[in-house]
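What follows is a single structure, written as structure tokens, with notes after it.
Where a number appears in this text, it was derived from the coordinates with a stated rule and is not lab data. The structure displayed is predicted, hence computed values, not measured ones. All Cβ positions, glycine included, derive from the backbone under ideal geometry; neighbour counts span all protein chains shown.
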Amino acid sequence: MTAMQTAFDIANAVRSGDLSAVEVTQYYLSQIEAREPEIHAFNEVTAQKALDCAAALDQRVQAGESVGALAGVPIAIKDNLCTKGTATTCSSKILEAWIAPYDATVVKRVAEAGAIAIGKTNLDEFAMGSSTENSAFGVTRNPVDTTRVPGGSSGGSAAAVAGGFAPISLGSDTGGSIRQPAAFCGVVGVKPTYGLVSRYGLVAFASSLDQVGPFARTVKDSALLLEVLAGHDPADATSIPQPAPSLVSHLDDGVQGLRVGLVSELMGEGIQPEVAAQVRASAEALAAAGAIVEEVSVPAVTYGLSAYYLIAPAEASSNLARFDGVRYGLRVDAPTTNEMMVATRTAGFGPEVKRRIMLGTYALSAGYYDAYYGRALKVRRLIHDDFARAYQQADVLITPTSPTVAFPFGAKGDNPLAMYLCDLYTIPTNLAGHPGMSVPFGTGADGLPVGVQVLAGTLDEVTMFKVGAALERAATAEAAKGAER
Ligand code: GLN
């Protein structure tokens, strides 16, 4: 058992009886024990539950039962996904120790596929942030360089995979929260098409944007996990009534003749030169593999950030109204009901969550609704239409995932706007509902990982993964050359 083993290989070995799920789980728990005190990827490691679950799986293997695509593969779960019997905190004091009465659909699906839930990962409170510094339970450190943030909001899930604590993990992405931490930690992260993966049991941030997706070390493992996650769920009204796509079988198809668009608006201002250079190199690598690379314009993407910071807080202000001291988690008693609610929410929410609730309430209030929220929805439509035009010209689009590599702790702490700018390149996809993935491609400033973002049209995950796999092959070949030199 080694850290470099993929989920794919582990599941094969467990199914054939070459490895036991208990052995695999023990190995990852020992990795957690060695480095978790330094990294803090988890809010809770569910060691005993994981070992019990692994032992039960081993018995099923011995009994000759069929055990699924993720047999014996440890998986880390973002702590905004409901897990029956284990706390689901959203890294917020308001939900500290709250135990969900049911499993999220994705949690159920990975368990049915034989995966072993190993713990709940840290995040920016209620998934609001880009560095995991907004957690009420302390920061997560980037395993590649512990003086840097892991990105966010799914920083714990990205760090768990990068740190070798689990081969795969689950995150959620509302404006970039899977792709940006994946880029910062040097792993693969995928935001599926809106509606491809069930949101049932994901604690809602901005319901029209939220989507659950995989983290993994390899494109193949992320495809394997997405095949398990995807597919219709009647419990989520926005779930697309369609079976899961077949992705793994297409990864070696190559990119011959595919049209790849480099988004001109997302290669300019604010981007670190090393990041831009890697994205250009990735475009050249795709061209060398037979793709037709062109610059493509998606003019409205430049308004994405402004529209997102009205729409997402507006939805959040409504979604977070349910945390009222009555129905879930924390309650701070006071003489009247209203005072109790104010006291509970004042004590339970952190500063960024309060900022979003205020922004959203303002944008939705009578007299401002048309000027702010209503206009943002119109911009969202423009972005959608501009992408639709771009996808007539190109099969996939590529951009940097983030304008910079992982930054040091505190670098953007007192400036929310600087933090919001981290998501300039990832947000437009959420507004359009399209899929996007981040694939590690070389290094930038200070030798830190760079992620290249691959975007595709609605439900075209297959093409996106073909390109992602080609980028991974090129990056691996380049790294091997570098090692020879
Ligand atoms: N960083 C963005 C925000 O703070 C996106 C977060 C996310 O995707 N959950 O809203």
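Quick look at the numbers
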item: Alpha-carbon radius of gyration plus Dmax, which is the widest Cα pair, for region 403-485 in Å; result: 15.5, 44
item: Radius, Kirkwood style, for the chain when every pair of distinct Cα atoms is counted (Å); result: 22.2
item: Contour minus Cα-Cα distance for Leu377 and Ala479 (0.36 nm per residue); result: 32.4 nm
item: Which of Cys53, Cys185, Cys90 has the fewest Cβ neighbours within 10 Å, and the rest in rising order; result: Cys53, Cys90, Cys185
item: Alpha carbon convex hull of region 1-70, volume per residue in cubic angstrom; result: 88
item: Calculated from backbone phi, Karplus (6.51, -1.76, 1.60) coupling profile of region 66-83 in Hz, x at Gly/Pro; result: 7, 10, x, 6, 10, 3, x, 8, x, 9, 9, 10, 4, 7, 10, 10, 5, 10
item: Along the chain, longest interval not containing exposed GluC sites (Glu not before Pro), exposed being DSSP loop plus at most 13 other Cβ atoms within 10 Å; result: 270-485
item: Share, in percent, of DSSP beta bridges within the chain that are antiparallel, nearest 5; result: 65
item: Neighbour-count ranking [beta-carbon atoms within 10 angstrom, fewest first] of Lys466, Lys108, Lys220, Lys378; result: Lys378, Lys108, Lys220, Lys466
item: Listed pairs Lys120/Lys354; Lys93/Lys191; Lys378/Lys412; Lys84/Lys120; Lys49/Lys84; Lys49/Lys220 exceeding 21 Å between Cα atoms; result: Lys120/Lys354; Lys93/Lys191; Lys378/Lys412; Lys49/Lys220
item: Relative contact order of the chain, pairs being alpha-carbon contacts under 8 Å that are 6 or more residues apart, as %; result: 16
item: Long-range amide H partners of Arg259 with built H, under 5 Å; result: Ile292, Asp395, Val396
item: Gyration tensor over alpha-carbon atoms, region 146-190, equivalent ellipsoid semi-axes in Å; result: 14, 12, 8
item: Dimensionless Rg ratio for region 311-372, taking C-alpha atoms and the 2.2 N^0.38 Å reference; result: 1.20
item: Other-chain or far-sequence residues with amide H under 5 Å of Ala117's (modelled H); result: Ile75
item: Per-residue Cβ neighbour rank within 10 angstrom, fewest leading, Thr426, Thr361; result: Thr361, Thr426
item: Cα gyration tensor of region 354-407 - equivalent ellipsoid semi-axes, whole Å, descending; result: 30, 20, 6
item: Where N is the number of residues in region 366-450, Cα Rg divided by 2.2 N^0.38 Å; result: 1.38
item: Simple spin-label estimate for Gln59 and Val326 in nanometres, 7 Å along Cα-Cβ; result: 4.4
item: Convex hull volume per residue for region 81-210, taking Cα atoms only, in Å³; result: 97
item: Estimated translational D of region 267-398 in µm²/s (Stokes, Kirkwood radius over Cα pairs; 20 °C; 1.002 mPa s); result: 116
item: Ser66-Ser264 pseudo-label distance in nm [points 7 Å out on the Cα-to-Cβ vector]; result: 5.2
item: Phi to ³J(HN,Hα) by Karplus 6.51 cos²θ - 1.76 cosθ + 1.60 over region 427-436, Hz, x for Gly, Pro; result: 4, x, 5, 5, 5, 7, x, 7, x, x
